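Shown next, in structure tokens, is the structure this report addresses.
The values are calculated or read from the model by the stated rules, or taken from the named source; none is laboratory data. These numbers were taken from a predicted model, which means no experiment stands behind them. Ideal geometry is used to build each Cβ from the backbone, glycine not excepted, and the neighbour counts take in all protein chains shown.
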Amino acid sequence: MLLTSTSIPSPLRVYFTLHLGQKIFRRRIVQSSRTRSGRVVNCCVVEPVFDSEHQSKETKQFVYSDAVLYEDWLSGKECDEFVFSLANTLTEVANGIEFSSERRSWELAQLPFMNSFMERAGSVASFDIRSDSGTQSLAPLIGWNLAFYPDIFAAVREWINLREYHGENDGRNQKVMFLMPENNAFIASAEQSTEGRLTLNVAGSLVDEHKFAIVGAASTGSRVTQLRAEISNGQANVPVARDTDSLELYLIDQSGEIFDFHKEGKFARSGRQFLRSPHAPGNDRVKAAIELGEGPQIEFKPFVTPEQRLNENNNKTKLAEILNTVAAFSNSGGGAIFIGVDDDCQVVGIDEKLPAWGNAGFSEQLVDKFVGAWRSAIRDKIEGELAFKVSAVETEAKTVLVVDVAQSVSRPVNLKDNSTIYVRRGASNVKLAPALWSAFLGSEATTREVLN
């Protein structure tokens with residue numbers, strides 16, 4: 001649900017008119033130096049903060065040698081003026097804070113509940129301020145009485161505070177984003193039963209006042225099942241089998257207006273996971289993998305944190321081994337990594353060590369946080385056409401993390417800043433010799449055919 005245009009999206013201006021005189025829009029900017037000349041705005045987010053009555057709305061500006069973090073508050077009218085100023089070649093926000101746009105391109109996207117921008121459903125309007133010249137400084141951000149950040153992307157992650165952020169390779173870098181959350185109607189949660197029913201709980205300010213329905217489809221192989229159920233008492237039930245491959249749902253009113261949506265496939269989804277709850281029993285799958293043992297498509301690892309270094313004392317860490325396996329599976333026939341199963345094929349789980357990692361008691365929320373941290377680590381450290389899914393399953397009263405990796409449609413996939421190409425051979429990750437690169441990359445040959 002993405003629209004691209006050179007003109008200002010009309011829903012954005014309508015949203016501002018609802019709050020013309022209220023100074024509830026917080027604007028945050030991260031701007032860094034270029035190594036050549038001038039500055040580059042890494043990220044800017046304007047979002048409403050509805051519970052901001054008791055917040056200090058003073059302008060804040062933290063100046064580092066290589067970056068500036070900036071915050072101020074705008075009314076709907078001032079937001080509208082800011083939007084129009086972006087049409088100029090150069091927009092000055094404050095002393096030393098400038099926007100320079102060479103593309104002048106707008107994007108408008110509708111977002112599901114719990115998306116990568118914010119927790120609420122709604123939409124986002126983005127304006128491209130990317131520059132084709134200059135490179136950004138990656139020096140640490142250090143200053144007297146200022147927060148320390150190891151690089152500019154760490155500053156963006158904390159200061160801009162998007163729900164998910166993937167560092168240097170995040171497609172939202174060098175954009176101005178206007179978040180427009182809504183609370184009218186959204187899919188709050190979902191639970192899939194073993195009997196093949198998906199119960200959807202719907203919430204929002206309009207749910208009791210208007211008629212809503214869930215429409216969509218579920219696919220298993222080539223079989224497609226049409227889905228439709230009206231919302232009653234905040235709930236809807238639709239038939240979704242446990243072996244469903246993909247799911248597409250829309251929450252609509254009688255006029256057909258879409259209020260929320262959910263898309264989910266085997267290796268990708270918009271936001272949350274509805275199919276096979278992350279903590280549903282996974283005995284059959286884990287036990288089946290243990291019976292088969294490590295091989296071309298199965299790898300076992302004990303508890304490993306995604307923040308671990310790739311190398312320690314000139315030796316590869318368990319994290320590096322897992323990332324190399326992700327790349328090898330992607331370059332070969334795909335596979336699954338089970339984190340919480342040791343080298344002796346014993347289920348050790350992640351339950352015992354997870355509280356120390358999260359500095360909190362064991363809970364589903366902590367498991368979800370761990371799943372998200374692993375998802376971000378894989379995205380941040382691997383480059384190429386990578387399709388994967390991270391989930392958690394229970395087996396033998398223990399929680400095991402599963403990283404499913406699909407075969408890449410465009411090889412190679414490898415660790416960033418590392419040209420080594422790994423492929424899977426038996427139960428090992430094998431470095432592909434440079435002499436075989438052209439045969440591997442330039443044909444549809446399988447890994448076995450190339451290595452042989």
Inset, instruction - Would you be able to say whether some residue in the stretch 391-398 is more than 21 Å from ARG424 (Cα to Cα), in contact with a strand residue (DSSP E or B) (Cβ under 7 Å, 6 or more places away or on another chain) and either in the same structural domain as GLY171 (by TED's automatic domain parsing) or of a type in the set (A, V, I, L, M) (or both)? - result: yes
Legend entry - Any hit, the stretch 241-249, residues being charged (D, E, K, R), closer than 28 Å to ILE8 by Cβ and at pLDDT below 90: no
Inset, instruction - Taking only the stretch 401-427 into account, find how many residues are more than 11 Å from SER332 (Cβ to Cβ) and in a strand (DSSP E or B). - result: 6
Legend entry - Residue that is without any contact (Cβ under 8 Å) to a residue 40 or more places away in the chain, more than 26 Å from ARG379 (Cα to Cα) and either of a type in the set (Asp, Glu) or in a strand (DSSP E or B) (or both), where the choices are VAL207, VAL202, VAL224: VAL224
Legend entry - Subset of the stretch 156-199 [β-branched (Val, Ile, Thr) and free of Cβ contacts under 8 Å to residues at least 60 places away in the same chain]: THR194, THR199
Legend entry - Filter result for ILE382 (more than 21 Å from the chain's Cα centre (by Cα), modelled with pLDDT of 90 or more, closer than 16 Å to LEU319 by Cβ and not polar (S, T, N, Q)): no
Legend entry - Qualifying positions in the stretch 307-333 - in contact with a Lys or Arg (Cβ under 9 Å, 6 or more places away or on another chain) and either assigned to a loop (DSSP other than H, G, I, E, B) or not assigned by TED's automatic domain parsing to the domain that holds VAL423 (or both): GLN308, LEU310, THR317, SER332, GLY333
Inset, instruction - Please enumerate the residues belonging to the stretch 388-398 that are buried (at least 16 other Cβ atoms within 10 Å of the Cβ) and either out of contact with any Asp or Glu (no Cβ under 9 Å at 6 or more places or on another chain) or within 19 Å of GLY167 (Cβ to Cβ) (or both). - result: PHE388, VAL390, VAL393, GLU394
Inset, instruction - Pick out the one residue from ASP351, ASP368, ASP380 that is closer than 18 Å to GLU307 by Cα and part of a loop (DSSP other than H, G, I, E, B). - result: ASP351
Inset, instruction - Residue by residue through the stretch 83-122, note down the ones that are of a type in the set (Gly, Ala, Ser), surrounded by 15 or more Cβ atoms within 10 Å (Cβ to Cβ) and at pLDDT 80 or above. - result: SER105, ALA109, SER116, ALA121, GLY122
Inset, instruction - Please indicate, with yes or no, whether at least one residue in the stretch 56-64 is hydroxyl-bearing (Ser, Thr, Tyr), at pLDDT 90 or above, assigned to a strand (DSSP E or B) and closer than 16 Å to TRP159 by Cα. - result: no
